[in-house]
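The values are calculated or read from the model by the stated rules, or taken from the named source; none is laboratory data. Computed from a predicted structure; not experimentally measured. For neighbour counting, all protein chains shown are included, and Cβ atoms are generated from backbone atoms with ideal geometry for every residue, glycine included. Note: areas computed on protein heavy atoms with side chains; ligands, DNA, RNA excluded. Shrake-Rupley method; radii C 1.70, N 1.55, O 1.52, S 1.80 Å.
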Amino acid sequence: MHHEHLADLLFPDITKLPSDYEALYPERRLAPTALVTRLGPSPTGFIHLGNLYGALADERLAHQSDGVFFLRIEDTDSKREVAGAAEAIIEALNYFGIQFDEGVCQTGERGDYGPYRQSDRTDIYHCFARDLVRRGLAYPCFCSEAELANQRSKQEAAGDNPGYYGEWALCRTTLSIDDIESRLAKRQPYVLRFRSPGSAEKNFTLTDGIRGELSMPENIQDIVLLKQNGVPTYHFAHVVDDHLMRTTHGIRGEEWLSSLPIHIQLFQALSWQPPVYCHTTVLMKMEDGVRRKLSKRNDPEMALSYYRSLGYHPAAVREYLMTILNSNYEEWRLANPELPLTDFAFTTDKMSSSGMLFDIDKLNDVSKETLARLNDSVLCDFLLEWAGQWQPERANILAADPAKLTRILGMDRHSEKPRKDLIYGEQILEHIDYFYDEWFVQRDAFPETVQETDRLAILEAYLAGYDQTDDRTTWFDKIRSLAEANGFAARPKDYKKNPDQYKGHVGDVSTVIRIALMGRSNSPDLWEIQQIMGEDMTKRRLYSTIQLLR
Ligand code: GLU
């Protein structure tokens, strides 16, 4: 009976019953096969690649099963909270195209299972905390930090495990209801602890969605449910939330695996079914031949801003994340190059349980393939938007003629074997900078094999005979005759047969022209480049190189 009394003492203002919340948040009306997943980031200021890849797994599992994916902001640790971090998370998910159905959003909240910010759910947590007290499963603990530290030293000296459990759980065993009442009357601060029913000798088993069957020792710690300020711990808050929000699958980082026994016990104490927990593994990277954990602090590629500032297309990042999320994704993609990623049947059991290797070269390869599939105007819009945000000065130059940019991006991309050398914004700009006078630089030198006098002669003759309206065949025939007229073979094979008869071959001639026009010896189709550059720029570039050579 004194449990009822204690519950009233601790939670005088709580009027709702657990059954009220059960009625307010009923089972979702979804097909039995539909999954409900959530992303529960803490707004501590840094959303990283690990969050994003978890979010993609959540999103895929929910949406491919016609379920629900929601965003819950887990802001119970106000000390670590960073202003604007929740907004940054929402914006990042939006940018990378990971859609959620419910939760905290830019304009507030949407969905029937909110509030979706833990800081707005205090009454709900208190209602269930009160219920645990009423049933003798939770109690107030008045031990101070100093007392707990003192106890930890004693435990160390005795070789016992640290923590609040068994005979060490003083407030569990020694406080009478009168003691509690008088301490409360004196406003002595307290935390609310769970009265763990666990036994150190017993193990329990459960099936993790990624790791399969796990056997773990039962929890025996009387963990904190509510801190001194009444704010719940992650352990308690997420259990209440995942139940009331009707989560079916809880995908989260492996750092939570060790507290799984606590969570399972809390679910049992509240007579609820836990979600299928899916503990992902850490992202690793190869460095000097050794695998190591990617670090939020030391590896710039962990920050999502890294990909955004360099201008990786969100579709490329999603595509790459899929290859590390599901081991059979690449095989599927090879067989289905044209299908949207959403057609792939994503499963938790194809997720790695032993560390996923993050490889930037692989991301770049995936990005090349992804960009090769995007149409020219989509790529153009993306590049303009990206440059507008990260390179405003260059964006102005690009935006002056979007049609030109679209043509540049479309070069050699529509054949059977499209070119696949575009990777990310920054790299693309470097790749195409010769189309813009503002950025034109002489990157490569003229081929050593062509004498200076020949360089000049070639360019002078080429400029004299240049006609913008020549079709590709006429244009190339002219280059061939120009080559011959200057002592170069019109065909490489002629040169190979009789190298002594020629100064070089037609390829050397076009390299000289390339250097003058683009400042580089390799480029996509020269004729097409001139068509895009236009007569004026083409002639101007030839002329100024001739001036330099004279
Ligand atoms: N707030 C937790 C974190 O940021 C979320 C863990 C979970 O998804 O359950 O790690």
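Note on exposure: THR449, THR370 ranked by accessible area (1.4 Å probe, complete protein assembly) read THR449, THR370, with the most exposed listed first. Dipole check for the chain: with +1 at the C-beta of Lys and Arg, -1 at the C-beta of Asp and Glu, and the Cα centre as origin, the magnitude is about 520 Debye.
Proximity of backbone amide H atoms, modeled 1.01 Å from N, is registered between ALA489 and LYS503, GLY504, HIS505, VAL506 at under 5 Å, excluding neighbours fewer than 5 places apart on the same chain.
Using C-alpha pairs below 8 Å separated by at least 6 residues, the relative contact order for the chain is 11 percent.
To make sure I understand the rule: partners must be aspartates and glutamates, Cα under 17 Å from the Cα of LYS404, and not fewer than 8 residues away in the same chain. Which ones qualify? Partners within reach: ASP376, ASP381, GLU385, ASP412, GLU430, ASP433, ASP437, GLU438, ASP525, GLU528, GLU535, ASP536.
Around the Cα centre of the range 319-446, unit charges on the Cβ atoms of Lys, Arg, Asp and Glu (plus for the first two, minus for the last two) sum to a dipole of about 180 debye. Over the chain, accessible surface divided per residue gives 48 Å², non-protein components excluded, 1.4 Å probe. Scaled against 2.2 N^0.38 Å for its residue count N, the alpha carbon radius of gyration of the range 491-550 is 1.30.
The distance linking the range 391-408 with the range 6-40 is 53 Å (Cα centroid to Cα centroid, whole angstrom). P(r) for the range 303-352, from all Cα pairs and a bin width of 5 Å, is 4, 20, 27, 20, 14, 13, 2 %, short bins first. Listed as lacking a disulfide-compatible partner in the chain: CYS105, CYS127, CYS143, CYS278, CYS380, by the criterion of no other cysteine Cβ under 4.7 Å. In terms of distances greater than 22 angstrom between alpha carbons, the cross-link table entries LYS420/LYS478; LYS368/LYS417; LYS227/LYS296; LYS16/LYS186; LYS293/LYS362; LYS368/LYS539 yield LYS420/LYS478; LYS227/LYS296; LYS16/LYS186; LYS368/LYS539. Within the accessible surface of the range 64-142, defined with a 1.4 Å probe on protein heavy atoms only, the carbon and sulfur portion equals 43 percent.
Semi-axes of the equivalent ellipsoid for the range 49-184, computed as √(5λ) from the eigenvalues of its C-alpha gyration tensor and ordered from largest down, come to 40, 20, 15 Å. Projecting the Cα atoms of LEU339, PHE358, ILE428 onto the charge dipole of the range 317-462, computed from C-beta unit charges around the Cα centre, puts LEU339 farthest toward the positive end. Within the accessible surface of the range 417-526, defined with a 1.4 Å probe on protein heavy atoms only, the carbon and sulfur portion equals 47 percent. In units of the compact-protein estimate 2.2 N^0.38 Å, the range 96-252 shows a Cα radius of gyration of 1.25. For the range 129-227, a crude dipole built from +1 on the beta carbon of Lys and Arg and -1 on the beta carbon of Asp and Glu, taken about the Cα centre, is about 420 debye to the nearest 20. The 1.4 Å probe gives accessible areas that order MET216, MET322, largest first, as MET216, MET322. From Cα pairs below 8 angstrom and at least 6 apart in sequence, can you work out the relative contact order of the range 203-299, rounded to a whole percent? Relative contact order for the range 203-299 comes out at 28 percent.
Give me the percent of accessible area attributable to carbon and sulfur for the range 336-400, probe 1.4 angstrom.
The computed percentage sits at 48.
For the range 60-66, 3J(HN,Hα) computed residue by residue from phi via the Karplus equation (6.51, -1.76, 1.60; θ = phi - 60°) reads 5, 4, 5, 6, 6, 10, 6 Hz, glycine and proline entered as x. For the chain, the Cα-based Rg and Dmax, in that order, read 33.1, 112 Å.
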